[in-house]
Amino acid sequence: MIKNNIEDKYTMSLSLNVLNHLGINLYSNIPSVISEIVANAWDADASEVHIHITDNNDIIIQDNGSGMDIDDINNKFLNVGYQRREHNEAITAKYSRPVMGRKGIGKLSMFSIANDIDIYTSKNGSINGFNMNLEKIKDAIKYDGDNVCYHPDSIIYEGDNFIGTKIILKDLKKRISSITPQFLIKRIARRFSVLGNKYKFKVYVNDQEVQIKDRDYFHKVEYVWYIGCKEDDNEYKPYFENVKKEKYLSGEVEKNKNYYVSGWIGTVKEAGALKDGDENLNKIILIVRGKLGQENILDIYNEGGLYSKYLIGEIHADFFEDDNCEDMATSSRQEYNVEDERFEFLKNFIKNVLKEIQKEWTSLRNEMGVEEAISIYPSIKKWMDELKGDDKKYAKSILGNVNQIIVDEDKKKEILKYSILAFEKLKYNNNLSKIDDLNLESLDNLMVILNDIDDIEATLYYQIINERINVIKKFQEITEVDVLENVIQQYLFEHLWLLDPAWERASSTEYMEKRVKNALSIENINGLTDEEIKGRLDIGYKTSAGKHIIIELKRYSRRVSRNDIYSQITKYHDAIRKLLSNTGQENVPFEIVVVLGKLVEDLSQTELEKFYNSIASYNTRVVYYDNLIENANKAYKDYIEANKKVAPLIDMFDEISKE
């Protein structure tokens, strides 16, 4: 039983220091912050939002919404944590929109990127203006203690009358010289689904309207599974231009609880197509009430099949923001509580959808492989037409496998020819059907496979998959740290697909490789401490699809701190930018990959995400040695399992041949 104290013995205090956790560090990039302001405009019943990037690197966001008077400013906008839904404001007055805001902290995200903010707002013919300054807020936190009040400075608006709210972000923390209107248009389009006349909500960037099609990935999709929509009422379909196959799936997540979703999941022809500059599109985003709710829910499934590297999609789940249920969004507003039953229901629903997609994707890719083979060699159609029964089935399978794995068209043609030759040899010996009947107790069947193993290895599995499996095996078998380092130094630069499947054809020119290595070794390595240099193993340079890739290898046994990484990548970043500028390649993308054993610090998941987001601004990401093995095994696990079955036969055949 809890008893009331006679006097107040205990006290809980909340200070402006909350800004440090829920505002200043809430987001790490400009599109995220702009999106929070756009969401506020939606909640204010705006029909238009105009965003301008000025010549002096300010960002102006102006809407024609309901605006605010003095009471609104003080009691709602400046009241950190004011929750509209708890004040009977869950639906907007003019357009009856379900509001996007919930925790009342999104406005604080502006301090993530700006040190100085002017806000002008008009309501009932009166314009009010005030300035919020980050340094002054910090001073209030530092000198005034807990439970203080920060008083923004009043400012006078000098301009034409307007209706709504105008926000000017000044003294930005990050340089936005690389943030073009087109970049911002694409990012905003990817964060909102309530754009255009249908929703009476238009967003403009430097006078160019942001539209759904500006997401710029619909054209990449080859196969698409529509979820929770009807064929005669599908708002997504008009955006897909190059889809070869489509299917409609139910959006019923849990009927008894009225949980339904809509959206789509698609696959692209080549995994490399999901690389969009610094952004990886290999994800399924979650959209709630028309706004991006979670960046990627695909990563919670730990999918290992090759098909998962081709996935992209959008799931709309408005039941996540049911006003009658507990708020399931985390304080960061960038993800949801995975322990909430709604998340569990959605997780299981999508898991079943992915299983169906995986099965159908393999079949579709096989079919497409046959179609492409016929288009490459017209004579193949005649060859296929002459095949009967299981022979045709095995032929389709082998052509489909070539299509699934090989991206390089020239290599695909070469492997295709060898595959057909191997097929014909097996067919001539009536061995095709016996492959499925392989039984170690049957000497005849075993000899059949051994006699034809050279033909099989000369095809796809030997020339492509076997090579990759051997590399993965080396990582798996090595347990001694020093040996592990030598193997990685020897093989990693030659097999960049271990770092990224899209870098299958990474290469380099002697001229640029020399210049890049000189820039790194002379201008930057000399600037490192002896301790930092000892921690290095090597630096590599490659190019892939027009991108420059710089790989910094740390010794496996070396434990590296975040400060060590910041110290080096800032030097690399500036050196590469300077080099590209000097060679007329200012707009050519580049990426820095740091491969290491482990960080010194024992960080929480939240701290790790903040660290990864911070180095992303330097075009940098971290990869851990142990994850190379794990991820490679996941990506090629089907082929590794197949190889395990064949490997003993190969060894036996080699042994017999030597006798």
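Readers should treat all values here as calculations from the given coordinates under stated rules, not as data from a laboratory. Remember, predicted model here, so these are calculated numbers, not experimental data. Positions of Cβ are generated from backbone atoms using ideal geometry, with glycine treated the same way; all protein chains shown enter the neighbour counts.
Over 26 Å apart: what share of the alpha carbon pairs of the stretch 217-349 falls there, rounded to a whole percent? Show your work: numbers first, answer last.
Numbers: 2023 of 8778 pairs.
When all Cα pairs of the stretch 217-349 are counted, 23 percent exceed 26 Å.
How big is the C-alpha Rg of the stretch 288-373 next to the rule-of-thumb value 2.2 N^0.38 Å, as a ratio?
On the way: Rg = 16.2 Å, N = 86, 2.2 N^0.38 = 12.0 Å.
For the stretch 288-373, the normalised Cα radius of gyration comes out at 1.35.
Once you place label points 7 Å from the Cα toward the Cβ at Asp323 and Thr54, how far apart are they in nm?
3.7
Once the other residues with Cβ under 14 Å from the Cβ of Glu360 are scored (Lys, Arg +1; Asp, Glu -1), what is the net sum?
+2
Within the stretch 572-591, which residues have the backbone N less than 17 Å from the label spot 7 Å out from Gln182 along Cα→beta-carbon, could you tell me?
Of the residues in the stretch 572-591, 585-590 have backbone N under 17 Å from the label point off Gln182.
Using 1/(1 + (r/R0)^6) with R0 = 51 angstrom and r between the beta carbons of Arg559 and Lys94, what's the FRET efficiency to the nearest 0.05?
Approximately 0.35, to the nearest 0.05.
I need the calculated FRET efficiency for the pair Glu367 and Asp390, taking r as the beta carbon distance and R₀ as 25 Å, to the nearest 0.05.
The calculated FRET efficiency here is 0.90.
Length gain on complete extension for the stretch Asp153 to Trp383, per 0.36 nm per residue less the alpha carbon to alpha carbon distance?
Roughly 74.7 nm would be gained on extension.
Could you put Trp264, Trp225 in order, starting from the residue whose Cβ has the fewest other Cβ atoms within 10 Å? Show your work: numbers first, answer last.
Details: Trp264 26, Trp225 21.
Arranged by neighbour count, lowest to highest, Trp264, Trp225 become Trp225, Trp264.
Run the simple label-point estimate for Tyr566 and Glu252 please: 7 Å along Cα→C-beta, distance reported in nm.
Calculated label separation equals 5.4 nm.
To make sure I understand, if each residue's beta carbon is the centre and we count other beta carbons within 10 Å, what order do Ile284, Ile127 fall in, fewest to most?
Fewest-to-most Cβ neighbours within 10 Å comes out as Ile127, Ile284.
Hey, what's the Kirkwood Rh for the stretch 222-283 if you take every pair of different alpha carbons, in angstrom? Mind showing how you got there, number by number?
Details: mean 1/r = 0.0759 Å⁻¹.
This gives a value of 13.2 Å.
Would you mind computing, in nm to one decimal, how far apart the modelled labels at Ser375 and Glu241 are, each placed 7 Å from Cα along Cα→Cβ?
In this crude label model, Ser375 to Glu241 measures out at 1.6 nm.
Can you count the Lys pairs in the stretch 217-349 whose Cα atoms are under 18 Å apart, with each pair 8 or more apart or on different chains?
Within the stretch 217-349, the lysine pair count is 25.
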